[in-house]
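What follows is a set of notes on a single structure, which appears directly below.
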Number of protein chains: 2
Amino acid sequence: MLTYCVRTALSRRAFTCKTSLAQQHSRGRCSASSSETDPVGTLLQLCVDRYYVSPGESNRERLQRGVSCRYGPLGMELRRNLLEQWWHSVTNSRTQVFGINTLSSSNGERDGLGQLRIVESEYLKQILEQPELRKEQLIQKVQMYLQRSPVVRNNLLHGALEQFVPSLEMVNRKLPFGLAETALCFQPSGGSGCTAEVTQTSLVWFCSPRTSSQWLDHWTRQRLKWWRKFALSPSDFSSSDVPEEELEEATSRGVRISYSFPWGQEPLETLWSRGDTELLLMHKGARSKLQCRDGRKSVPHVVSITGNMDRGLLAFLSSSLQHQKREDSKQRLKHRKVLKLHPVLAPVKVALDIGRGATMELRQVCEGLLQEFMEAKISAWPGYLETMSTSLEQLNTKYDEMGVLFTVVISENTLESGLLQVRSRDTTIKETMHISEIKNFLSKYISAAGNI
Amino acid sequence: MLTYCVRTALSRRAFTCKTSLAQQHSRGRCSASSSETDPVGTLLQLCVDRYYVSPGESNRERLQRGVSCRYGPLGMELRRNLLEQWWHSVTNSRTQVFGINTLSSSNGERDGLGQLRIVESEYLKQILEQPELRKEQLIQKVQMYLQRSPVVRNNLLHGALEQFVPSLEMVNRKLPFGLAETALCFQPSGGSGCTAEVTQTSLVWFCSPRTSSQWLDHWTRQRLKWWRKFALSPSDFSSSDVPEEELEEATSRGVRISYSFPWGQEPLETLWSRGDTELLLMHKGARSKLQCRDGRKSVPHVVSITGNMDRGLLAFLSSSLQHQKREDSKQRLKHRKVLKLHPVLAPVKVALDIGRGATMELRQVCEGLLQEFMEAKISAWPGYLETMSTSLEQLNTKYDEMGVLFTVVISENTLESGLLQVRSRDTTIKETMHISEIKNFLSKYISAAGNI
């Protein structure tokens with residue numbers, strides 16, 4: 001019976017998905033929206049209202065730019081789920097992917113334009129305040145201090161290249177293998193002082209020179225499949241070769257995976273075939289230290305796969321927001337906004353609320369159920385804690401906009417018969433279920449959705 | 001039968017744990033070690049040899065200081081498990097704990113001694129290279145640029161205090177509630193240029209003024225219980241009040257949870273009762289914005305719980321390393337080092353190796369099993385990929401030092417009968433098990449250990 005529920009619910013989901021796509025295509029991009037005038041503003045406002053991101057103009061602006069912003073509880077959980085899915089997908093797809101953790105700042109010799117460094121402002125002020133120094137001496141002292149200050153990373157590639165040698169013994173000098181990391185990186189702003197932080201994902205793949213092109217194709221397919229897996233309209237995620245004139249130094253081929261935002265395409269993840277130049281440079285040309293056993297003795301080529309998960313998060317939010325119009329029982333036109341995030345990504349899987357009945361007793365039932373959900377790692381929203389009298393309709397609107405998968409209502413009836421009401425975000429259908437079944441129902445629903 | 005296995009294995013674990021403690025007490029601290037001369041060196045070297053941290057003197061020094069270092073795959077996974085357990089424990093213990101994600105740098109007005117700022121070195125150099133500037137103008141320009149540069153956080157408290165107001169609506173102005181975050185923070189070095197990064201955990205708890213002292217006690221108990229849950233010798237983790245002369249500004253009471261390292265006690269987590277001063281300061285004294293409904297209308301008091309998970313990781317490594325002596329069958333004295341990390345924390349749960357038989361076919365069985373483990377999120381070590389001929393004894397030594405819970409050996413026998421050999425790290429006992437049972441056995445073992 002449970003399996004049946006999951007299947008029908010999922011096929012319903014697939015169905016909604018298709019109709020929505022069809023609607024989009026027939027009416028043109030975003031015109032199905034009830035907020036046709038400003039789809040971007042609607043999305044950003046919803047993110048603020050529904051605890052995805054914190055309020056504030058600069059924070060909204062960061063969100064839209066695809067860099068880290070102050071995330072509220074739901075945004076934080078969505079980011080967490082995204083990173084976990086990325087990790088799971090990359091480390092489980094091949095047995096030879098190992099996780100690492102490098103440092104975000106290092107006292108390296110690397111030097112480049114627009115480099116960010118961490119300075120101790122008090123120490124720098126002390127230098128400036130030495131009255132005995134001549135101008136030239138002052139400049140020299142500040143420059144020397146700058147040179148000594150740690151450089152903040154703007155990508156995870158260098159950390160992985162550094163870790164290549166210590167990893168060789170572990171893999172017994174056998175190719176291919178990969179080093180994976182997710183962490184914050186920093187982007188210079190060009191003097192404005194508004195440094196941006198980005199949640200990056202990085203897989204650096206070391207393979208034999210003759211297979212690097214195939215591996216680039218392999219990872220492109222894998223990554224595109226991953227992005228599309230969680231999308232309501234998969235075709236909004238696409239891949240394209242990087243034009244020759246945009247190739248980075250030391251790279252021979254590049255592929256970008258992008259999402260079509262309402263304001264245009266933006267890259268989410270970039271794959272580069274990088275050859276061996278940077279690896280040799282990092283290890284000062286010590287070929288013998290770098291050679292692997294792959295038939296011949298060769299220095300491996302590097303394929304890098306770098307994602308921006310802050311922009312990825314916004315892409316999934318944008319992709320999930322549906323605007324629906326329908327007539328209610330009194331033939332009034334109702335607008336409904338639903339954040340149809342994939343069940344695996346949805347930050348809240350279930351909201352717990354109470355209906356009519358003895359409040360104290362109903363709350364106790366909720367607490368018990370919440371504990372059960374928590375132990376099963378099903379993230380739940382304690383809606384029953386709110387004392388404001390909100391109508392069930394208002395609650396549903398709120399939960400739909402939060403992207404909550406299911407709403408459970410505990411009422412007097414539950415105390416008598418053990419039956420509760422479960423409403424699905426995607427079908428809006430309410431079903432009655434026994435309280436002993438709900439945890440398993442949710443677990444199975446989520447894991448089934450993850451395996452499709 | 002499986003339950004029986006788990007129980008006996010666990011009670012064996014408990015037993016080993018007790019004997020080891022007894023040994024330690026009877027022989028004095030660390031003297032049970034086979035490397036009595038340098039227990040610290042032995043621990044750090046093992047961490048490097050067994051892929052917990054990367055080689056390098058500065059990296060070892062970072063590890064010992066209890067700050068972030070370059071972690072290898074096992075260290076990375078251990079840190080991940082630790083953070084997940086912390087998260088699970090803090091967010092599930094009370095329904096009113098919400099996760100947030102703040103920014104690691106911000107253009108605030110906060111100013112203090114030893115503050116770290118991110119500067120764009122190229123931009124600063126451009127200022128220095130303006131020949132027309134007099135010395136005073138130059139100093140002024142650099143100071144103005146510094147003032148505008150983003151400050152890097154050294155704790156997560158301020159981010160949470162900032163997020164207090166946006167969170168109020170969510171909790172319907174009801175106390176108590178908490179904001180949780182785990183992230184990197186930066187510590188100044190006093191001009192040496194060696195900025196340290198620390199993986200911090202932070203729970204900022206907002207409660208009514210009259211309950212803040214009780215909450216401090218509540219969280220102290222909870223946190224100490226948590227640290228001890230994963231320790232081989234729980235008594236090495238202890239809590240103590242912060243002496244009055246060491247109280248931080250704005251705090252009225254503090255408690256430290258510490259671990260007794262071979263080189264002395266070091267704090268892992270600190271709890272402070274902070275009153276409302278900082279919250280008022282952060283929100284410019286706007287009392288009406290901060291008031292909550294807790295019977296009276298009062299500005300909440302703050303209890304902060306801040307942990308250093310890099311040092312926590314080292315504490316668990318140190319606490320888990322056991323040195324054992326035993327005679328082998330030929331009455332030779334054998335030294336054995338085992339990293340008895342708690343099953344939930346152990347970065348590798350199972351290693352897969354092949355014994356005698358047709359290598360190709362055995363490998364295929366391993367690949368299948370590995371896939372099964374990965375899908376069940378049981379982290380496995382692909383030992384069968386190594387082509388070097390290592391004796392089973394050498395393998396066991398290696399896996400014991402890595403802290404691998406179980407070693408599974410697939411041999412010709414497995415191809416014929418489906419039976420494989422499972423060796424336990426903690427008991428060193430080898431059992432025969434059917435290949436179809438191993439995944440469930442491991443899952444149950446790990447989750448049973450997590451629930452104790």
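The values are calculated or read from the model by the stated rules, or taken from the named source; none is laboratory data. Just so it is clear, the model here is predicted, and its values are computed rather than measured. Reconstructed Cβ throughout: ideal geometry from the backbone, glycine too, with neighbour counts over all protein chains shown.
Observations
- Any hit, the range A:350-363, residues being part of a helix (DSSP H, G or I) and in contact (Cβ under 8 Å) with a residue 60 or more places away in the chain: no
- Check on A:Asp276, surrounded by 13 or more Cβ atoms within 10 Å (Cβ to Cβ), touching a Leu at 6+ places or on another chain (Cβ under 9 Å) and either within 18 Å of A:Gly66 (Cβ to Cβ) or touching a residue at least 12 places away in the same chain (Cβ under 8 Å) (or both): yes
- Total residues in the range A:323-332, condition closer than 23 Å to A:Arg50 by Cβ and more than 28 Å from the chain's Cα centre (by Cα): 3
- Residues located in the range B:78-93, provided they are within 10 Å of chain A (Cβ to nearest Cβ) and either under 16 Å from B:Phe206 (Cβ atoms) or surrounded by fewer than 19 Cβ atoms within 10 Å (Cβ to Cβ) (or both): B:Arg80, B:Glu84, B:Trp87, B:His88, B:Thr91, B:Asn92, B:Ser93
- Flag for B:Asn155 being facing chain A (nearest Cβ under 8 Å) and either of a type outside the set (Val, Ile, Thr) or in contact with a Pro (Cβ under 8 Å, 6 or more places away or on another chain) (or both): no
- Note on the range B:379-413: residues that are more than 14 Å from chain A (Cβ to nearest Cβ) and touching a Cys at 6+ places or on another chain (Cβ under 7 Å) total 1.
- Those residues of the range A:429-443 which are surrounded by 15 or more Cβ atoms within 10 Å (Cβ to Cβ) and not in a strand (DSSP E or B), in sequence order: A:Ile435, A:Glu437, A:Ile438, A:Lys439, A:Phe441, A:Leu442, A:Ser443
- Restricting the range B:373-394 to residues that are outside any loop (DSSP other than H, G, I, E, B) and under 27 Å from the mean Cα position of the chain (by Cα), the residue that is farthest from B:Ile446 (Cα to Cα): B:Gly383
- Filter pass, B:Glu122 being under 30 Å from B:Gly159 (Cβ atoms), modelled with pLDDT under 90 and outside any loop (DSSP other than H, G, I, E, B): yes
- Selection count where residues are closer than 21 Å to B:Val204 by Cβ and modelled with pLDDT under 90, scope the range B:298-333: 1
- Check on A:Val171, in contact (Cβ under 8 Å) with a residue 12 or more places away in the chain and either among the acidic types (Asp, Glu) or touching a Lys or Arg at 6+ places or on another chain (Cβ under 7 Å) (or both): no
- Neighbours by Cβ (under 8 Å, 6+ apart or cross-chain): first from the range A:113-128, more than 7 Å from every other protein chain (Cβ to nearest Cβ); second modelled with pLDDT of 85 or more and buried (at least 21 other Cβ atoms within 10 Å of the Cβ): A:Ile127/A:Val142
- The condition of being part of a helix (DSSP H, G or I), without any contact (Cβ under 8 Å) to a residue 12 or more places away in the chain and within 30 Å of A:Ser189 (Cβ to Cβ) holds for only one of A:Leu146, A:Leu82, A:Leu138, that being A:Leu138.
- Counted residues, the range A:414-452 - those being on the phi < 0 side of the Ramachandran plot and either polar (S, T, N, Q) or not assigned by TED's automatic domain parsing to the domain that holds A:Ala351 (or both): 11
- Within the range B:187-231, the set of residues being of a type in the set (Asp, Glu) and within 30 Å of B:Pro300 (Cβ to Cβ) comprises just one member, B:Asp217.
- The set of residues in the range B:163-211 being among the polar types (S, T, N, Q) and either within 10 Å of chain A (Cβ to nearest Cβ) or under 20 Å from A:Arg80 (Cβ atoms) (or both) consists of B:Gln163, B:Ser167, B:Asn172, B:Thr182, B:Ser189, B:Ser192, B:Thr195, B:Thr199, B:Gln200, B:Thr201, B:Ser202.
- The condition (being at pLDDT below 95, crowded, with 22+ Cβ neighbours inside 10 Å and not assigned by TED's automatic domain parsing to the domain that holds A:Lys225) is satisfied by just one residue among A:Ser20, A:Ser105, A:Ser58, A:Ser33: A:Ser33.
- For the range A:242-261, the set of residues classified as more than 14 Å from A:Ile305 (Cα to Cα) and not small (Gly, Ala, Ser) consists of A:Pro243, A:Glu244, A:Glu245, A:Glu246, A:Leu247, A:Glu249, A:Tyr259, A:Phe261, listed by residue number.
- Scanning the range A:216-223 turns up no residue that is buried (at least 16 other Cβ atoms within 10 Å of the Cβ) and either over 28 Å from B:Met76 (Cα atoms) or modelled with pLDDT under 95 (or both).
- Number of residues in the range A:129-144 that are within 9 Å of chain B (Cβ to nearest Cβ) and either touching a strand residue (DSSP E or B) at 6+ places or on another chain (Cβ under 6 Å) or basic (Lys, Arg) (or both) equals 2.
- Per the conditions (1) surrounded by fewer than 20 Cβ atoms within 10 Å (Cβ to Cβ); (2) assigned to a strand (DSSP E or B), the sole criterion not satisfied by B:Val165 is (2).
- Every condition in (1) over 30 Å from B:Pro209 (Cα atoms); (2) within 28 Å of the chain's Cα centre (by Cα); (3) assigned to a strand (DSSP E or B) is met by B:Ala315 except one, and the failing one is (3).
- All conditions but one from (1) more than 8 Å from chain B (Cβ to nearest Cβ); (2) under 17 Å from A:Cys194 (Cβ atoms); (3) assigned to a loop (DSSP other than H, G, I, E, B) apply to A:Thr37; the one that does not is (2).
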